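Below is one structure; the comments refer to it alone.
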Amino acid sequence: MEQISTKQYMINYGLMTSVVLLTFSLMLFFLDAHYEQDTVVQITNSVITFAGITLGCLAYKKANDNNIQASTVRKMGTGMSLIIALVSIFYTLFLTNVMEPDFMDKVLEISYNQTMQDYPEALNGMDLNTFIENSKPFTFLTYPMILIFTLLFGFLYSVVLGLFIKTKKQL
C-alpha cells in the first residue's frame, strides 16, 4: 500500500481554512465590528480553525484507506495551524498598514478606556496620549503572538483529535 503525502492536505486545508477565517474577518471589518473581540467572535474563529483541522485530517484518513496515526494528526494539525497563522499575520499587516493605518491607535484607545473602567488604579493617573505612546513600542508583539498562539492551540487540538480519529489496531 502506497503512503499518501500529508503535505498536500496540510496546504490545501490550511489555505481553505484561512480563506474562511479571512472572509469572517473581512465581514467583521466591513460591519465595523472588528474592534469588538467578544466571546462570540473568539468562539467562531476557534470553531472555524478546529473544523478545518478536523476536516483535513479526516480527508487524509479517508484517502489513506481509513488509516491514520495520532502522530500524523499532530503533524497535520500543526502544519495547518502554521499556514493559518501565516495568513493571519499577513492579513493583520495588511489591515494595520493599508486598510486602516490607525488601527493600533484605536485598539490602544479601547484598551485604555476598558482599563480605566475596570482598573483605574492600574493607570496611575495616566492620560490617553501617554498610555498610547507608552504602549505603541509593544504593538509589534501582536505578530509573534498570533504565530505562537495559533500554533499552540492547533497543536493541542490536534493532540486531542488524534486520540479520537487514529486508527485502532486490528487484531
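Please treat every number below as a calculation from the coordinates, not as lab data. Nothing here was measured: the structure is a model prediction, and the numbers come from that model. Cβ placement follows ideal geometry from the backbone for every residue including glycine, while neighbour counts extend to all protein chains displayed.
Residues in the stretch 139-154 that are touching a helix residue (DSSP H, G or I) at 6+ places or on another chain (Cβ under 6 Å) and of a type in the set (A, V, I, L, M, F, W, C) were compared, and the one that is surrounded by the fewest Cβ atoms within 10 Å (Cβ to Cβ) is 147. The sole residue among 75, 136 that is under 23 Å from the mean Cα position of the chain (by Cα), part of a helix (DSSP H, G or I), in contact (Cβ under 8 Å) with a residue 24 or more places away in the chain and surrounded by fewer than 17 Cβ atoms within 10 Å (Cβ to Cβ) is 136.
Among the residues of the stretch 41-90, the one identified as touching a Ser or Thr at 6+ places or on another chain (Cβ under 6 Å), polar (S, T, N, Q) and farther than 15 Å from residue 155 by Cα is 67. In the stretch 87-131, of all residues being surrounded by 10 or more Cβ atoms within 10 Å (Cβ to Cβ) and β-branched (Val, Ile, Thr), the one that is farthest from the chain's Cα centre (by Cα) corresponds to 130. Among the residues of the stretch 41-59, write down those that are without any contact (Cβ under 8 Å) to a residue 60 or more places away in the chain and surrounded by 15 or more Cβ atoms within 10 Å (Cβ to Cβ). The answer is 41, 45, 48, 52, 55, 56. Scanning the stretch 110-133 for residues that are among the acidic types (Asp, Glu), farther than 18 Å from residue 38 by Cα and in a helix (DSSP H, G or I) yields a count of 2.
Set side by side, the residues 75, 136, 106 differ, and just one is among the basic types (Lys, Arg) and within 25 Å of residue 50 (Cβ to Cβ), which is 75. Considering each residue of the stretch 81-96 in turn, at least one proves to be of a type in the set (Ser, Thr, Tyr) and either in a loop (DSSP other than H, G, I, E, B) or farther than 30 Å from residue 63 by Cβ (or both). For the stretch 9-37, residues that are without any contact (Cβ under 8 Å) to a residue 24 or more places away in the chain and touching a Lys or Arg at 6+ places or on another chain (Cβ under 7 Å) total 0. Answer yes if at least one residue in the stretch 16-32 is assigned to a loop (DSSP other than H, G, I, E, B) and surrounded by fewer than 11 Cβ atoms within 10 Å (Cβ to Cβ), and no otherwise. Taking every residue of the stretch 16-32 in turn, at least one turns out to be assigned to a loop (DSSP other than H, G, I, E, B) and surrounded by fewer than 11 Cβ atoms within 10 Å (Cβ to Cβ).
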